[in-house]
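The values are calculated or read from the model by the stated rules, or taken from the named source; none is laboratory data. This is a predicted model, so every value here is computed, not measured. Reconstructed Cβ throughout: ideal geometry from the backbone, glycine too, with neighbour counts over all protein chains shown. These area figures cover heavy atoms from the full protein model, side chains too; ligands, DNA and RNA do not enter into them. Shrake-Rupley method; radii C 1.70, N 1.55, O 1.52, S 1.80 Å.
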Amino acid sequence: MITLTPKRIFDVPVQAACISADVFAGKTIQEIKNLPITEGKETITLNDAFDITEDTAIETPNITLTGDFSKVKRIGQGMKTGEIVINGDAGMHTGEKLSGGKIVINGNSGGWTGSEMKKGLIEVHGNSGDYTASPYRGTSTGMKGGLIIVDGDVGTDVGCYMQGGVIKINGSAGRYLGYHMLDGTIYVEKNCDIRAGACMTGGKIIINGTVALLMPTFTIDSIKPKVKVDATQNAQGPFYVFLGDIAERGTGKIFALKATNPAFNSYEKYI
């Protein structure tokens, strides 16, 4: 196991996509220390920014990051195998384009966590920022597979252009959840802000708490006693099932728990 600890507080963002189990594999500790990163506009080495130690008796996780990594971006970018554990906050783009392996964040994560993710697992034992599992602005390559679990809340525009996979949010979600969603599943244990599912054409959004405001381009379809989240979890209802986004000729589904959304009772006469 390789352990990295910041040598100082970073005043500017650090771009460190090389912090990856794939990149570290097969390298000596000295080769790892010499890997290039950028701090602001300056190119430095990992060893310039972090204390780096190796414990050959421990194989998993492959990499442990201890301390404040909130300004360290692109940790685990494109990683295909292995495991990274971050004991602290993680910066933007953590796990971007993840194709396998596991990233555990024992803190909060920044924006675009899991952006364009294909496979693997990301666990955030805190909050996750805006655009989690979403592509860059102006692009439409969303999350295609894998699993993201967030124990806390998430920001706005989470799961945009999602094409597959599962996002489990054990807290609340901001506005525009699942914007332009094509497929996959988003589960929210608590509340969801406005415009959930805007422009979605497929997939499902399951909300156990209060839905702030349902878009008028969704129509009531039925009431279901429960809904499948993934192979390991079913959400117990009953749930109101809404179809949409009709403006996009969509066939996506929003499941809103009946017990926490009494404002939707008036829709029952249309079923």
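Quick notes on this one:
- Taking one quarter of the surface of the convex hull spanned by the alpha-carbon atoms of the stretch 73-128 gives a direction-averaged projected area of 2.8 nm².
- Spatial extent of the stretch 132-236: Rg and Dmax, with the Cα atoms as the point set, Å: 12.6, 38
- Ratio Rg/Rh [Cα only; Rh per Kirkwood] for the stretch 26-168: 0.98
- Projecting the alpha carbon convex hull of the stretch 1-41 along each direction and taking the average yields 3.2 nm².
- Per-pair calculated FRET efficiency, R0 = 22 Å: Thr260 and Asp221 via Cβ, rounded to 0.05: 0.75
- Antiparallel bridges, percent of DSSP beta bridges restricted to the stretch 132-271 (to nearest 5): 45
- A straight Cα-to-Cα reach below 25 Å connects Lys228 with the lysines Lys102, Lys118, Lys119, Lys144, Lys168, Lys190, Lys204, Lys253, Lys258, residues fewer than 8 places away in its own chain not being considered.
- Per residue accessible area in Å² of the chain, where ligands, DNA and RNA are left out and the probe is 1.4 Å: 43
- Split the accessible area of the stretch 91-194 by element, probe 1.4 Å, and carbon with sulfur accounts for 45%.
- Peptides ranked, highest mean first, by Cβ atoms within 10 Å: ranges 143-151, 61-69, 3-11: 143-151, 61-69, 3-11
- When peptides 244-253, 37-46, 215-224, 51-60 are ranked by their average number of other Cβ atoms within 10 Å per residue, the highest-first order is 244-253, 215-224, 37-46, 51-60.
- Rounded to the nearest whole Hz, the Karplus-based 3J(HN,Hα) values (6.51 cos²θ - 1.76 cosθ + 1.60, θ = phi - 60°) of the stretch 173-179 follow the sequence 10, x, 6, 6, 5, x, 4, with x at glycine and proline.
- Ranked by the mean number of other Cβ atoms within 10 Å of their residues, highest first, the peptides 27-33, 127-133 come out as 127-133, 27-33.
- Of all lysines in the structure, those lying under 27 Å Cα to Cα from Lys41, and not within fewer than 8 positions of it along the same chain, are Lys7, Lys27, Lys33, Lys71, Lys73, Lys97.
- Summarising the label geometry, the points placed 7 Å from Cα in the beta-carbon direction at Thr66 and Lys41 lie 3.6 nm from one another.
- Given their separation in residues at 0.36 nm each and the Cα-Cα distance between them, Arg8 and Asp230 gain 75.7 nm when the chain is fully extended.
- Alpha-carbon Rg/Rh ratio, for the stretch 1-106, with Rh computed the Kirkwood way: 0.92
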